[in-house]
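Trainee: Below you'll find the structure I mean.
The values are calculated or read from the model by the stated rules, or taken from the named source; none is laboratory data. Small disclaimer: the values here were computed from a predicted structure and weren't measured. Note that each Cβ is placed from the backbone with ideal geometry, even for glycine, and that neighbours are counted across all protein chains shown. When the accessible area is computed, the model is the full protein with side chains, heavy atoms only, and any ligands, DNA or RNA have been set aside. Shrake-Rupley method; radii C 1.70, N 1.55, O 1.52, S 1.80 Å.
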Amino acid sequence: MNKLGKKLSLSISIAIICIITFSILLNKYFLPKYYLHEMKGNLESVTETIGSINKKDFINAVPELEKKYNVTIVYEQTNEDINSFNDSLRDNLDRKQVTLNKFWVTPDTLRKVENGKKVNKLYDQGKLKSSFLSSFMNKGNLFVLVGLSIAHFNDAAKVINMLYIYVLGIAVVIILLLVWLLTKKMTDPLKELKEVSEEIAELKFKKALKFKKAHVQTNDEIEELAYSINIMSDKLKKAHEDLLKKNENLKTFMADINHELKTPLSVIQIYAQGLKDGLDDGTYTDTILKQTKNISSLIEDLLNYSRIERAVFTKEKFNLFQLFQECLSKYDLECRTKNINVSVSNKVKGEMRVDADKKKIEMVFNNLISNAIKYTQNQKIDIAFAESGGQVLFTIQNGANIDDKKIEKVWEPFYVIESSRNKNVSGTGLGLAIVKSILERHQLDFGVLHQEGYIQFYIYFKRIP
Ligand SMILES: Nc1ncnc2c1ncn2[C@@H]1O[C@H](COP(=O)(O)OP(=O)(O)OP(=O)(O)O)[C@@H](O)[C@H]1O
Ligand SMILES: [Mg+2]
């Protein structure tokens, strides 16, 4: 038997042994005395009733009292001849089918009763295995006997106690069997849960989930526990995978930074050497200056990116459309100089209030607008605000031709589409990574779509009343 079963059967068996031992002791020592005490109480009630009524009423009430209290009542005129007095009493008792082996009222008892005292006597009937408990009292010159027969308890108790011992034996066997079955039912799923937990502890989610994911159906707390472990396992697996992915991303990120910094630095190095060697054709300093600008903007972007990852977001309620218009107005001049046509449509009814970090949302808009201006291939930018399922759907689209397979990569840090790099318009490739980080931390739905020569970025903002 398993540990739980042993513990359970031991405690239940001890409890049953205690109860039965207690019952045996009770039967042996306490019950006979208690029984006698109760019977005496019974007689007491009868004698009190008799004492409270007159002689005539008493004689009439005898049958009723006998029936009510289950006693035998006889009475006799007191007689100086104690032998004939006892004989008469005995005859009276015989008439009521109470035949006693041993019964004798002593002259002393008779005197006491004549003097108005109540006397109780217990007559052991020897082999009849019973006693006759009697109470004597005086009722207007009548000697009254109220008695009842009491079975000897000790023998009965012995038999009952023997039976108890057999019951105890059978009960213990039944309990052991039941406990064994019950604990087996309980511990089998627990064993499974233990194995699953051990595997989770070793971060072996695949095995734990694929083959051993707790499938316990016990309809009780164990099933609830299994359910919680499954949820925990799923969540841990996801968290673990996220961490692994982040770790992987971090490695790529570090390699990218290395590369992004090395390229301009080696260009600077070559051109500085050229200057030193007197090879300058008048463009060397400009190239060096351009590369230093690149490095400084890269560092600026990197700092921004890492700040966003760690920043504490402070939410406030503001008008989204108003913020967007303020952002767009800063690019007015640039659009006009580059001859870019910007159209803004707003189909949202009422005020567009949102609860978010205003500065960060401003960064999102700035990045998306500046990208659209930088990369549009048809000199057109279409911006729209619309209502969608109680949310505000913001879209910004411009002409672009991008490989569909690479579209999702635009969110990755340092990712720059080749055609943009060639045109020399792209930056460090951190802008959309920052946008992604901000939107994710706001738990907003967002994404990018590409179709028929267009690229569209969309965000669902949660509107508040
Ligand atoms: N509106 C757009 N139209 C076409 N291509 C885009 C658009 N927005 C982003 N891209 C492509 O995605 C790449 C990543 O954009 P992201 O904003 O992250 O970087 P970036 O603009 O190159 O540099 P940064 O924003 O850090 O100055 C861009 O280099 C560009 O190739
Ligand atoms: Mg950008």
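Trainee: Between a residue in segment 72-99 that is farther than 12 Å from LEU145 by Cα and any residue that is open to solvent by 20 Å² or more (accessible area, probe 1.4 Å) and in a loop (DSSP other than H, G, I, E, B), which pairs come within a Cβ distance under 6 Å, given they are 6 or more apart or on different chains?
Mentor: From segment 72-99, the pairs are PHE85/ASN79.
Trainee: Going through segment 367-387 one residue at a time, which ones are touching a Phe, Trp or Tyr at 6+ places or on another chain (Cβ under 7 Å) and either surrounded by fewer than 16 Cβ atoms within 10 Å (Cβ to Cβ) or more than 14 Å from LEU432 (Cα to Cα) (or both)?
Mentor: Correct list: ILE373, PHE385.
Trainee: Then there is this: Determine the pairs where a residue that is over 30 Å from ARG310 (Cα atoms), located within segment 345-361, has a partner that is open to solvent by 20 Å² or more (accessible area, probe 1.4 Å) and assigned to a loop (DSSP other than H, G, I, E, B) with Cβ atoms under 8 Å apart, the partner being 6 or more residues away or on another chain.
Mentor: none
Trainee: Still on this model: Can you name every residue in segment 1-40 that is over 30 Å from ASN70 (Cβ atoms) and without any contact (Cβ under 8 Å) to a residue 40 or more places away in the chain?
Mentor: Answer for segment 1-40, where residues must be over 30 Å from ASN70 (Cβ atoms) and without any contact (Cβ under 8 Å) to a residue 40 or more places away in the chain: LYS3, LYS6, LYS7, LEU10, SER11, ILE14, ALA15, CYS18, ILE19, THR21.
Trainee: While we're here: Any chance you could count how many residues in segment 366-399 are more than 15 Å from GLY447 (Cβ to Cβ), near ligand 1 (Cβ under 8 Å from one of its atoms) and either aliphatic (A, V, I, L, M) or not assigned by TED's automatic domain parsing to the domain that holds GLN325 (or both)?
Mentor: 1
Trainee: Further question: Name, by its number, the condition in (1) within 20 Å of LEU430 (Cα to Cα); (2) touching a Cys at 6+ places or on another chain (Cβ under 8 Å) that does not hold for THR376.
Mentor: If we test THR376 against (1) within 20 Å of LEU430 (Cα to Cα); (2) touching a Cys at 6+ places or on another chain (Cβ under 8 Å), just (2) comes out false.
Trainee: Contact list please: Cβ distance under 9 Å, first residue in segment 167-183 and surrounded by 13 or more Cβ atoms within 10 Å (Cβ to Cβ), second residue outside any helix (DSSP H, G or I), pairs at least six apart or on different chains.
Mentor: Here the result reads LEU176/MET1; VAL179/MET1; TRP180/MET1; TRP180/ASN2; THR183/MET1; THR183/ASN2, each pair linking segment 167-183 to a residue that is outside any helix (DSSP H, G or I).
Trainee: Sort out which residues of segment 62-98 are part of a helix (DSSP H, G or I) and either in contact with a helix residue (DSSP H, G or I) (Cβ under 8 Å, 6 or more places away or on another chain) or not assigned by TED's automatic domain parsing to the domain that holds GLY147 (or both), and write them in order of number. Break it down stepwise before answering.
Mentor: The initial filter retains those residues of segment 62-98 that are part of a helix (DSSP H, G or I), namely 62-69, 82-95.
Within segment 62-98, LEU65, TYR69, ILE82, PHE85 qualify.
Trainee: Which of the residues spanning segment 132-149 are modelled with pLDDT under 85 and open to solvent by less than 70 Å² (accessible area, probe 1.4 Å)?
Mentor: Taking segment 132-149 and keeping what is modelled with pLDDT under 85, we get 140-141.
GLY140, the sole residue that qualifies.
Trainee: Sticking with this structure for a sec: Can you pull out every residue in segment 357-371 that is within 43 Å of the chain's Cα centre (by Cα), within 12 Å of ligand 2 (Cβ to nearest atom) and β-branched (Val, Ile, Thr)?
Mentor: To start, the set of residues in segment 357-371 that are within 43 Å of the chain's Cα centre (by Cα) comprises 357-364.
Checking which are within 12 Å of ligand 2 (Cβ to nearest atom) leaves us with 363-364.
Selection gives VAL364 alone.
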